[in-house]
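Read the structure below first, then the notes.
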Ligand SMILES: Cc1ncc(COP(=O)(O)O)c(C=O)c1O
């Protein structure tokens, strides 16, 4: 037996392989011949020797206890079966919101995002090999500034909630006020939970102003802002769907030298005044509405934009324009001295991998919508939501929880009967009717939040009203 | 084929009156807007977005895509990033309507298939980690680090211990010290030996009862497994501290050794690296964490609980640190990870690591004749070559080499990281590359070292742009397009 053959046997025998290339390596090209040639080149006898650096006593001496390998066909059948145990928004009519929405996604968004050159590339560390991504980020940043009326956008954060927390940390370092942050009960409860988690060890006090009428009172907010308050975090339209008095809230913050951080619904900006126009200092948003599926909560897109003077405290990647050696316009990652790979513990944030592909989706979405499309989408949401709140409160025993103007969501109270039970039965009848608020608000335990996007039709809204009429009245 | 004409911005291509999206007519009564919203809340005009037709948009973005290198088109040996092949079946399956059209607040009765999948993923990750409790919530590796450090802080608060420091080796990824600072800790650097191992004397000098966590990457950022890990864990634990494992390099050790077995109390995975979630031009990733039994009560909410054959989300966990992200997490990435793990099974996963380490050692055996590899002749899944000699002999930097590789159709390695190697080129081939590709890459590296320095300092020559002026970009930042 030749040496090569002997090695062949050893590589093969060690794994008991009969074939040249076995089925548990679907994405590995190396055949046993390749492996043998490569081990020869390295000067090793067996694959096991590759792991000599790992002390014997620390090795796993048994196979991992995970399920056996599946072929593509078997995996497809398995996933299809699992998917079949879920009820998708296509099967039930979705009136759920609270930060994730069933908006329409034009086909070109999926088409562009499925380009392998986009989704299988990474952070553009080599700009010459990444002008596609860099230009997309630059365009995305521009679209976000156009949408929000702010000066600068970054290239994405993880999601709306962590973006809100990052914005608060940015406000703290910008103002050098480490004492207090003031927010309102009408801000998404999960965003406030994230903020509390992020602040837990930083010695910064988080004060939450109540919102019994559905919006925050500028006077009550102002009363909580002291000389060591970094910022005010509000949401507009807020978690209940109500519009806040943003001009007065901005004045309250600025009068005390604090920054205004506002979380917005990007779709609402087709219609509502832009945050840059009412004095916001940092704007954050959940970008899922802009062309991304609901996907049980992620991946989504954390949008962040700010005023130019604050950009050096901003977290995340930023694409910037420059020229190449021949004077041609091109794009790079810029202001990188803010970032962890350069500044380590002094960086503005720890964020590294962000949500690039979802920034791309948002860019395609916004470009496809244009000013007319985004306006129409916002108007359809508003009109349909108002029609729905009218039908629900007229036809059923539900009553509006608040009287403030709303955009695409509203809260209804269920005076007779159990909200959870009613929602469960509505789901059985084919309607995801709303998000119960009891998990977050004791005083709204008999309420739920209804969202109506441009995708909902009059028939679906009428159907929901009929379904809830039966449920809420029969519960009485 | 790249279209050289296609470099205009969306905003330059736009013309008033062009349309792409078409929306249906309003089917509910059209009440005037002024009756619906107060005038002061409304914007006088819609946002000034560009106006383009659908065909123009498709051509624009398609042409932009061709200006990227990507795993689908090029060898992409970007060290520390594990740029392996992204399986197409996972893309298809993660996009099934029953996986993707799901609202995060749907009743759990309508989510049983997805919760079963996520629970299955948690169990597989726990087994691979050798740590029993998993949270899928963090959105990326860095957020997994932050979450774990917040858990550590909560744990020491419960114990009534004031521990203010986090130690990281000087070879650590930048996210490690940045996460420690965000979690409210002071960071202290521990020195490495030339081979990249923890310098034990320096560790001993810096380790005391004010240290909450020692964060280690093992295999480390030089691609070396630190055999002292058992001793390191013992020293950290003896003083009451916790050991964190940065799991970015798990691709080297799947099924071979487990962090929990070598002493880690908590760790994160980077599913966009190890489990082939596509990198998306800079995300999305995910950053699931696995922790010891003692730390499980502090995991973020919600957690999946199983009651017979029903799955529920549990929110009521009094010791939980709370949340780091809204909703459940980057579920689409997690579904792809699940598909990846189920495709491989125990044998397949082990072979992933064997072949990743084989490919890296094979490439090292070739590259070391061209560029010295200070750590020695052997590595795990990646290695760091030094361009210092070429720099001093011929004035050609690691950056020049990186740029010239692009001309030959290879993405560059990670350069100038880790900071402890001069003119560092961190090369990670992954298991999904062929021997022929590795041979061609090594030959190209050799060829480049023979090329005239002038040519190299001006490289790349064939990409859509030449070297950009980064100083100008930072001095006069232009971060969005503005109408003149
Ligand atoms: C060693 C190491 N640690 C941590 C990270 C951070 O992970 P992520 O980018 O997913 O946040 C990375 C990668 O980017 C890394 O290479």
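Values in this text are rule-based calculations from the coordinates and carry no lab data. Please read all numbers here as calculations on a predicted model, not as lab measurements. Note that we place each Cβ from the backbone using ideal geometry, even for glycine, and neighbour counts take in every protein chain shown.
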Site residue B:237, offset 7 angstrom along Cα→Cβ, radius 18 Å on amide nitrogen, limited to region A:53-91, gives A:55-61
Rounded to the nearest 10 degrees, what's the angle between the helix A:131-148 long axis and the longest principal axis of chain A, both from Cα atoms, 0 to 90?
-> 10
Nearest 10, in degrees from 0 to 90: the angle of helix A:72-84 to the longest Cα principal axis of chain A is 20
If one computes the Cα centroid of region A:315-338 and of region A:165-193, what distance in Å separates the two points?
-> 30
Residues B:179, A:156, B:65, A:427, sorted so that the one with the fewest Cβ neighbours within 10 Å comes first = A:427, B:65, A:156, B:179
What does the helix-only formula give at 222 nm for chain A: each DSSP H stretch with n ≥ 4 adding -39500 (n - 2.57), the total divided by the residues, and the result rounded to the nearest 500 deg cm²/dmol?
-> -12000 deg cm²/dmol
Largest-first principal axis extents of the Cα set of region B:266-421 (Å) | 66, 33, 32
Per DSSP H run of n ≥ 4, the term is -39500 (n - 2.57); total these for chain B, divide by its residue number, and report the mean residue ellipticity at 222 nm rounded to 500 deg cm²/dmol.
-> -11000 deg cm²/dmol
Rounded to the nearest 0.05, what FRET efficiency is calculated for residue A:53 and residue A:326 with R0 set to 45 Å and r the Cβ-Cβ distance?
-> 0.45
Going by the alpha-carbon gyration tensor, a ≥ b ≥ c the square roots of its eigenvalues, is the protein assembly as shown rounded (a/c under 1.5) or, if a/c is not under 1.5, prolate (a/b greater than b/c) versus oblate?
-> prolate
Applying the gyration tensor rule to the Cα atoms of chain B (axes a ≥ b ≥ c; rounded if a/c under 1.5, else prolate if a/b exceeds b/c, else oblate), the class is oblate
Please order A:71, A:289, A:389 by the number of other Cβ within 10 Å, starting at the fewest.
-> A:71, A:389, A:289
Count the DSSP beta bridges whose two residues both fall in the protein assembly as shown, then state the antiparallel fraction as a percent rounded to the nearest 5.
-> 55
Least to most buried among B:36, B:42, B:115, B:334 (fewest other Cβ within 10 Å first) | B:42, B:36, B:115, B:334
Only Cα pairs under 8 Å and at least 6 apart count here; give the relative contact order of region A:107-366 as a rounded whole percent.
-> 28
Once both axes come from the Cα atoms, what is the angle between helix A:419-428 and the longest principal axis of chain A, in degrees from 0 to 90, rounded to 10?
-> 60
Of all DSSP beta bridges with both partners in chain B, the antiparallel percent, nearest 5, is 50
The alpha-carbon center of region B:93-141 and that of region A:102-157 are separated, in whole Å, by 27
